[in-house]
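Just below is one structure, and these are the notes that go with it.
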Amino acid sequence: MFYKLERLHMETKVATQSISVGLIGTGGMGTRHAVNLHRFIGGARVAGLYDLDRNRAVQAAGQCGSAPVFDDPIRLIEDESVDAIIIASPDDTHANLTLACVKAGKPVLCEKPLATSVEDAVKVLKAETALGRKVVSVGFMRRFDPQHAAVKEITASGELGRPLLWKGVHRNASVAFGITGATILTNSAGHDFDSARWLLGEEVQEVYVRGLRSRAELHPDTKDLLLIEMFMTNNCMATAEVYVNDDYGYEVSAELVCQRGTAITQQPDKALVRARAHRGFLVPYDWLSPFQSAYVAELVDWIGSLHGAEPFHGATAWDGYVTMMVTAACIQSLNTGAVTPVNLIEKPDFYR
Ligand code: ISE
């Protein structure tokens, strides 16, 4: 896979015609995409930006070649000078903006989640199928993370026997006061659902979720530590700890337990630090720097696919829909305390 990515990178570097990309949402994630595109991706340029907070868009534009700032995201999508779109606005705007891109027939890389309701995710699937061309990609960037790709490579080689169990840890330092379990499942845990499906190569059939409030002083409805169990096709299982108030930093890992061995992702330690009677490795506080190479590789692959190199290797609208179905089942399980089925529609041939 790495060789492939390097090759795509070279291909995008030598491409003569540049893809003009419009960027919607210039918070931390959107600005990171804009700057990465501007600095590291050949064959593409930032052609326009939009944010509800115009000043924030102006600031981001200043960091990526002074692209024009638009006052309306739909105008940006429809603008003739724009070939493709990246959506990094708030979660509940993703589906409608993606639908507008499909309507305009323009390729879109939508940050996860693709939608915040099953109904909206289905609308995207239907719109793309009706268009008859794959234009929707979803930003599950762990698929491009070198550590996750290494686990995939060794386990897919068959050397460790059949993969049986995916074990994930996903921790954030802190989140907004009063966050609900449903928000965590929609906004954070989607990465884990996608990682489990992708690494095991199996589909989720049933889920069971329990959650607790880590501190008495948090809002009574808070569930900031979740334990998620997934029962998958081909007799596989997955389990994720998602804890969003760990108070020390950002950490993600995925281990695949196979018949004859296991493989686990290892975040690279950048520096051994000695200070104040301690010796150790720093833990990053958010996800942007630990996953920087994944974000760049994802863009390289996406832009390469738009230049016709190879189809995008990341998540499709189908994966976005499945993640939403798993999320909805998890929310139901958390609320009812019951094992809950994930009843997927039959996968359309279009996505096979
Ligand atoms: C965020 O959007 C992410 O992508 C992070 O990986 C996740 O840990 C965080 O909880 C999300 O808000």
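We did not get these values from a lab; they are worked out from the coordinates using the rules stated. These numbers were taken from a predicted model, which means no experiment stands behind them. FYI the Cβ positions are ideal-geometry reconstructions off the backbone, even for glycines, and counts take in every protein chain you see.
Based on the Kirkwood approach, the hydrodynamic radius assigned to the chain is 20.9 Å, with every pair of different Cα atoms included. Sparsely packed loop sites in the stretch 72-164 (the GluC sites (Glu not before Pro) outside DSSP H, G, I, E and B with at most 12 other Cβ atoms within 10 Å) comprise 80, 159.
Computed about the Cα centre, the dipole magnitude for the stretch 155-219 is approximately 300 debye when only Lys and Arg (+1) and Asp and Glu (-1) carry charge, each at its Cβ.
For 194, 79, 349, what's the fewest-to-most ordering of other Cβ within 10 Å of each Cβ? Walk me through the intermediate numbers first.
Values: 194 25, 79 18, 349 7.
Sorted ascending by nearby Cβ count, the order is 349, 79, 194.
Annotation for the stretch 203-279: GluC sites (Glu not before Pro) lying in DSSP loop with at most 12 further Cβ atoms inside 10 Å of their Cβ are 217. Think of it as helices only: each DSSP H run of n ≥ 4 in the chain is worth -39500 (n - 2.57), and spread over all residues that comes to -11500 deg cm²/dmol at 222 nm. Hydrodynamic estimate: the Kirkwood radius of the stretch 44-120 over Cα pairs, inserted into Stokes-Einstein at 25 °C and 0.890 mPa s, corresponds to D of 191 µm²/s.
Of the residues 224, 246, 51, the one that moves most in a GNM of the chain with alpha-carbon contacts below 10 Å is 246.
Within the stretch 108-204, the chymotrypsin sites (Phe, Trp or Tyr not before Pro) that combine a DSSP coil assignment with at most 14 other C-beta atoms in a 10 angstrom radius are 177. Under the criterion of Cα pairs below 8 Å and six or more residues apart, the relative contact order for the stretch 78-185 equals 20 percent. Spherically averaged projected area of the convex hull of Cα atoms, the stretch 104-250: 10.8 nm². Shown for 117, 81, 253: other C-beta atoms within 10 Å of each C-beta, ranked fewest to most, produce the order 81, 117, 253. The Rg/Rh ratio of the stretch 197-352, with Rg taken over Cα atoms and Rh as the Kirkwood radius over Cα pairs, comes to 1.01.
Our note on the geometry: Cα centres of the stretch 255-317 and the stretch 56-114, 25 Å apart. Using +1 at the Cβ of each Lys and Arg and -1 at the Cβ of each Asp and Glu in the stretch 218-285, identify which of 219, 249, 233 lies farthest towards the dipole's positive end. Value: 249.
Provide the convex hull volume over Cα atoms per residue for the stretch 114-175, in Å³. Mind showing how you got there, number by number?
Working: hull volume 10.5 nm³, N = 62.
Per residue, the Cα convex hull of the stretch 114-175 comes to 169 Å³.
Legend: helices of the chain (whole DSSP H runs) are marked when their alpha-carbon atoms reach 27 angstrom or more along the helix axis and their mean Kyte-Doolittle hydropathy is at least -0.5; marked are 317-336.
Tell me the volume per residue, in Å³, of the convex hull enclosing the alpha carbons of the stretch 54-99. All intermediate terms of the calculation are to be shown ahead of the outcome.
Details: hull volume 4.0 nm³, N = 46.
Dividing the Cα hull volume of the stretch 54-99 by its residue count gives 87 Å³.
Estimated at 0.36 nm per residue, the fully extended path between residue 72 and residue 52 surpasses their Cα-Cα distance by 6.4 nm.
Result for the chain in a Gaussian network model with C-alpha springs under 10 Å: among 172, 235, 187, the largest mean-square fluctuation is at 235. Our summary gives the chain a relative contact order of 20 percent, counting only alpha carbon pairs under 8 angstrom and 6 or more residues apart.
For the chain, lysine pairs separated by 8 or more sequence positions, or belonging to different chains, with Cα-Cα distances below 17 Å total 15. Going from the fewest other Cβ atoms within 10 Å to the most, the residues 306, 165 appear in the order 165, 306.
Its Cα centre serving as origin, the chain has a Cβ charge dipole (Lys and Arg +1, Asp and Glu -1) of approximately 700 debye. Relative to its residue count, the stretch 278-352 spans a Cα convex hull of 166 Å³ per residue.
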